[in-house]
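The values are calculated or read from the model by the stated rules, or taken from the named source; none is laboratory data. Because the structure is predicted, anything quoted here is derived from the model rather than measured. Virtual Cβ from ideal backbone geometry, glycine too; neighbours counted across all protein chains shown. Accessible surface is based on the protein model in full, side chains and every heavy atom, while ligands, DNA and RNA are left aside. Shrake-Rupley method; radii C 1.70, N 1.55, O 1.52, S 1.80 Å.
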Amino acid sequence: MSVTPASQHRQARPQAWTAQQVREDNSWVIRLNEAQIQGMRDALAHAKALNKPLLDMVQADFPLNDVAREVLQRAIDTTQGRWGMCLVKGFPVNEWTEQEARLAYWGMSLYMGVGRTQNRASEFMNDVRNEGGEYKVKGGRGYNTNAGLDFHQDSCDVVGLLCRRTAKSGGSSKVISSIALYEEVKRRRPDLIPVLQGTWFHSYQGTQDPTQPPYYRCPIFGNHPEYFAARANRKNTVAAQRDFPEIPRLTRHQEEALDLLDELMPSELLCYSMDLEEGDLQLLNNYVTLHSRTPFEDFDEPDRKRHLFRLWLAVPGSQPLPDNWKEYFGDVRAGSVRGGVRGSAITQAFLDYEKRQAAALGMAFETWKPQVRQEDMARILAAYNAETASA
């Protein structure tokens, strides 16, 4: 139920795991050595001297040595293997200013994948820190608040969080295996598996391209015959129900399924907690893990406040996705450039970057277009309502 990476670091496919199994096996953790760290320092010095815009950069502008390149490749490959995640420890963020850390992280990403845009402003690197945002409101997102978050997946193959500053208290990262979640649902309520593989509407929370409807359809559990995939975010499912009366109402069985997921995800059986330290890079495969965060309290001093850099990456070794995930992800082929949310401010510089970066990594690439436009969704709902009325 996973993918074999396309690189030399071939690993077992992702498997279900429990919190206890993760505690007993740290093979998903990589600690950088001095040669790897020095490679990143040297590449950063080179990139600083060039002073190029991030989206204009290519690998040669951030010239990593062989051991630094290899460890980043190994980290990405680890996300496609047994655990579906990787924690890389030891990035020298305390030596770097905020802008240097941003540049270093982006330079490293040029060896890992193709960055995706993440919000209505079409930003390709987000600062995860409390900027006074609100979470469970119309259009609310979690990354700019200090709120605890629902379990969810991000809209990409791999989400990467580089920790620059930790909170005064709280802000623990929680991760579960969505394969283990599936197996537990199947054990307790097998009748709900078809429900979770059925049609679900979710709100874009305002992050869609202007040509797209404000919501999309995507099952919570995928139905690909070989590769497991899950996508869950109850906040966005509830928001679609709240904000768009024209979409079908949740059925009793759908409500039961969401309630069961909410019971299982934070359970001691499934939920593994980790406190990211300064210099940690957490990488999660979004098809086989779900993650959340506890609330946090910041220090008063601005530069001591909790701060992480977030990238959404499409990666060369990614798995194929179910056909009915194409509406949201855009491309379901293995190793393709996909995911992200387009927002309303895509630039030509980003379009040039993603095409150039895809070619550099040998990834399948198609120019983005909406899979479902607003007028298409209107016809889909009209047909559904007519069918329901005649039933």
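What do you reckon, is Gly317 at positive phi and either assigned to a loop (DSSP other than H, G, I, E, B) or among the acidic types (Asp, Glu) (or both)?
Considered against the rule, which asks whether it is at positive phi and either assigned to a loop (DSSP other than H, G, I, E, B) or among the acidic types (Asp, Glu) (or both), Gly317 comes out as no.
Among (1) assigned to a strand (DSSP E or B); (2) open to solvent by 10 Å² or more (accessible area, probe 1.4 Å), there is one condition Cys86 misses while meeting the rest; what is its number?
Going through the list (1) assigned to a strand (DSSP E or B); (2) open to solvent by 10 Å² or more (accessible area, probe 1.4 Å), Cys86 breaks only (2).
Go through Glu297, Glu354 for me and flag whichever is open to solvent by less than 20 Å² (accessible area, probe 1.4 Å) and either of a type outside the set (D, E, K, R) or more than 20 Å from Gly81 (Cα to Cα) (or both).
Only one candidate qualifies: Glu354.
Looking for whichever is part of a loop (DSSP other than H, G, I, E, B), modelled with pLDDT of 95 or more, among the aliphatic types (A, V, I, L, M) and closer than 30 Å to Ala101 by Cβ here; the options are Val341, Val332. Which one fits?
Going through Val341, Val332 in turn, the sole match is Val341.
Would you point out the residue of region 278-307, among those that are at pLDDT 95 or above and not in a strand (DSSP E or B), that is nearest to Arg31 (Cα to Cα)?
Gly279
Among the residues of region 202-257, count how many are part of a loop (DSSP other than H, G, I, E, B) and either open to solvent by less than 50 Å² (accessible area, probe 1.4 Å) or of a type in the set (Ser, Thr, Tyr) (or both).
Residues that pass the stated criteria total 26.
Of all residues in region 89-123, which are out of contact with any Ser or Thr (no Cβ under 9 Å at 6 or more places or on another chain), hydroxyl-bearing (Ser, Thr, Tyr) and in a loop (DSSP other than H, G, I, E, B)?
Hits for region 89-123 are Thr97, Tyr111.
From the residues in region 146-162 that are within 12 Å of the chain's Cα centre (by Cα) and among the acidic types (Asp, Glu), which one is farthest from Ser109 (Cα to Cα)?
Selected residue: Asp154.
Check whether at least one residue in region 367-380 is within 20 Å of the chain's Cα centre (by Cα) and either within 22 Å of Asn126 (Cβ to Cβ) or aromatic (Phe, Trp, Tyr) (or both), and report yes or no.
Checked region 367-380: at least one residue is within 20 Å of the chain's Cα centre (by Cα) and either within 22 Å of Asn126 (Cβ to Cβ) or aromatic (Phe, Trp, Tyr) (or both).
Please work out if Ala349 is modelled with pLDDT of 95 or more, aliphatic (A, V, I, L, M) and part of a helix (DSSP H, G or I).
When the stated conditions are applied, Ala349 passes them.
Test Arg116 against the criterion of being in contact with a strand residue (DSSP E or B) (Cβ under 9 Å, 6 or more places away or on another chain) and open to solvent by 20 Å² or more (accessible area, probe 1.4 Å), and give yes or no.
The answer is no for Arg116.
(1) buried (at least 16 other Cβ atoms within 10 Å of the Cβ); (2) free of Cβ contacts under 8 Å to residues at least 24 places away in the same chain: which one isn't true of Ser292, the others all being true?
(2)
Check region 224-240 and report whether any residue there is of a type in the set (Lys, Arg) and more than 17 Å from the chain's Cα centre (by Cα).
No - not one qualifying residue is present in region 224-240.
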